[in-house]
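The values are calculated or read from the model by the stated rules, or taken from the named source; none is laboratory data. The structure displayed is predicted, hence computed values, not measured ones. Reconstructed Cβ throughout: ideal geometry from the backbone, glycine too, with neighbour counts over all protein chains shown. Please note that ligands, DNA and RNA were not included when accessible areas were found on the heavy atoms of the full protein model with its side chains. Shrake-Rupley method; radii C 1.70, N 1.55, O 1.52, S 1.80 Å.
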2 protein chains.
Amino acid sequence: MGEAYLQTPYAKFNRHKERGTYDVETIHNLINTTSVLHVSFATPDSPFPVLLPMIGQIGTYAGDASPHLYLHGYVSSRIMNVTSSASSSSDAGLPMTVSATKVDGLVLALSPFSHSYNYRSAVVFGRATVLPSLGADKRTPAPEALWAMELLTDAVVPGRWARTRVPPTGAEMQSTRILKVAIESATAKVRVGPPKDERHDLKDPEVVGKVWAGVVPIWEFFGEPVPSGYEGGKGLEVPEHVGDFVENENRNAQEYAVGVASEEVGGEEDE
Amino acid sequence: MGEAYLQTPYAKFNRHKERGTYDVETIHNLINTTSVLHVSFATPDSPFPVLLPMIGQIGTYAGDASPHLYLHGYVSSRIMNVTSSASSSSDAGLPMTVSATKVDGLVLALSPFSHSYNYRSAVVFGRATVLPSLGADKRTPAPEALWAMELLTDAVVPGRWARTRVPPTGAEMQSTRILKVAIESATAKVRVGPPKDERHDLKDPEVVGKVWAGVVPIWEFFGEPVPSGYEGGKGLEVPEHVGDFVENENRNAQEYAVGVASEEVGGEEDE
């Protein structure tokens, strides 16, 4: 067993306990390899929590004692306003819940009741503050914001940052706001393997002999890169950092989804 | 313009207004074709909202005046407890926010600042109650719960319900809880098209002539179905309702993701 997150009442497993894990590596890996995260927080003017898709990545900034979750999203004014007011009224930051979910397969069973998904899902509970984007001189990038922008850009395609026009201008820094989330606790759930039907269905030839059961593996597939069409960029070939990434991602994703469609990993008990 | 959801303060667009829509068909279609939804609601014992992956589908039950969102998920005890207590203290139900997000492509621009995703995201705000699973006799399925189970099963693979062992037993009904969400408002956001860089980068041959920009299309890919391995089911071939579904989904998903990688749909303005 490696490092584990603290078990708190709101991070407790109430059902399918065997699917749960507090393992730090599993959780960080899920957050860091999921293309879109869901971010949820309460807002004082509505009974409905805010729920936004955002890009995120866990990393440790030089000098920090522990890793933090960095978030960036395009639907930003409201989240930034709420976070800023939370930061000013207390040092604790805005409480938020962040989820990463991957669907790895449709589990088609003999009965509708036993249908399921193969999936991996991580949830992180933490407190968010806005990272200052400019340094004390109000002109040059703040070092941590710049570092986080590189972390988030390279999370989309590894090595991308160094192959684009960098560094960002002061105006670009100012209109890019990044949230830094101090992680309080986290959990993950994983379901793998073939369908698991009930004994009375498995013993009934009218059911098991006639209903097709199995798993349809699912993965996020990256297609052939499509060039921008910019006049000044005609003739540029798809670079290695993009081409290799697409190829590796597709191979690894397929291998996992197809692998867990038939195999029990770690002999977990279902239901 | 078709039907539209009411614009409320919590469903307001604060940035990228041109990407937003209140169109009912767009929103329902996104919810109904996304394999996993994220469901968020406040809980009295924690500052962190609950955030759960669930399966969901919008449909109109016979006699209802409007469509509702039906939800089913495996992490169920806590959500059911909170919802039940909300239902008993008032008729309004538990306020929840439900999101469906599809990533359609990585938009790789000349500068990190102009990087983006092609995506579709819908958010529904509504009030949830638990659907009674058994009828007045406490033994036979409640008609609406049975209808909703069929709706949710066929959402995974169309026609699946009729090709499995049905109807569910009383015990199966009792341990399957379904949430019925009355929709109060909803919004969707869509980003399509190639990268859109800033003029100073497009005019700079050192940038536009050297940095590869373009879109990596992404879609959810369904692999070859993997049979269960049940002894009694050996020799069963992958049925048409599964095989055709896999083929159609893959073709349509690829067509959309690759299509929006280069084309502006509806001439939307970005940034």
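Here is how the numbers come out for the structure above:
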| item | result |
| --- | --- |
| Paramagnetic label zone (point 7 Å from Cα along Cα-to-C-beta, A:Glu3; backbone N under 18 Å) in the stretch A:91-128 | A:122-127 |
| Simple spin-label estimate for B:Ala171 and B:His241 in nanometres, 7 Å along Cα-Cβ | 2.5 |
| Global geometry of the stretch B:118-271, whether rounded, prolate or oblate, following the gyration tensor of its Cα atoms and the 1.5 cut on a/c | oblate |
| Residues in the stretch A:225-247 that, when all protein chains are in place, have 20 Å² or more less accessible area than the chain alone would give (probe 1.4 Å) | A:Pro225, A:Val226, A:Pro227, A:Ser228, A:Tyr230, A:Gly232, A:Leu236, A:Pro239, A:Val242 |
| Peptides B:56-64, A:45-53 ordered by average Cβ neighbours within 10 Å, highest first | A:45-53, B:56-64 |
| For A:Ser185, distant residues with modelled amide H under 5 Å away | A:Phe125 |
| Rounded to whole Hz, the Karplus (6.51, -1.76, 1.60) HN-Hα couplings of the stretch B:152-168, x for glycine and proline | 6, 5, 6, 6, 6, 9, x, x, 5, 3, 5, 9, 10, 6, 10, x, x |
| Radius 13 Å from Cβ of A:Thr164, net charge of other residues (Lys, Arg +1; Asp, Glu -1) | -4 |
| Overall Cα dimensions of the stretch B:142-208, principal axis frame, Å, largest first | 70, 31, 18 |
| Whole-Hz ³J(HN,Hα) from phi, Karplus 6.51 cos²θ - 1.76 cosθ + 1.60, for the stretch B:93-99, glycine and proline x | x, 7, x, 9, 10, 10, 10 |
| Label point distance in nm, B:Asn32-B:Asp45, each placed 7 Å from Cα along Cα→Cβ | 3.8 |
| Gain upon complete extension [A:Arg139, A:Tyr61; 0.36 nm per residue less C-alpha separation] | 25.9 nm |
| Area buried, chain A against chain B - accessible surface, total, 1.4 angstrom probe, square angstrom | 8700 |
| Net +/- balance of residues flanking B:Val258 in space, Cβ distance below 12 Å, scoring K and R +1, D and E -1 | -3 |
| Mean-position separation - Cα centroids, the stretch B:144-173 and the stretch A:137-155, in angstrom | 50 |
| Karplus-derived 3J(HN,Hα), 6.51/-1.76/1.60, for each residue of the stretch B:183-200, Hz, glycine and proline x | 7, 8, 7, 6, 9, 9, 10, 9, 10, 10, x, x, x, 10, 8, 7, 3, 5 |
| Under 5 Å, built H, 5+ apart or other chain: amide partners of B:Val226 | A:Val215, A:Val216 |
| Long-range amide H partners of B:Asp104 with built H, under 5 Å | B:Asn118, B:Tyr119, B:Arg120 |
| Neighbourhood net charge (12 Å Cβ-Cβ; Lys/Arg +1, Asp/Glu -1) for B:Thr97 | 0 |
| Among the listed pairs A:Lys203/B:Lys180; A:Lys189/A:Lys210; A:Lys189/B:Lys180; A:Lys180/B:Lys196, those beyond 29 Å (Cα-Cα) | A:Lys203/B:Lys180; A:Lys189/A:Lys210 |
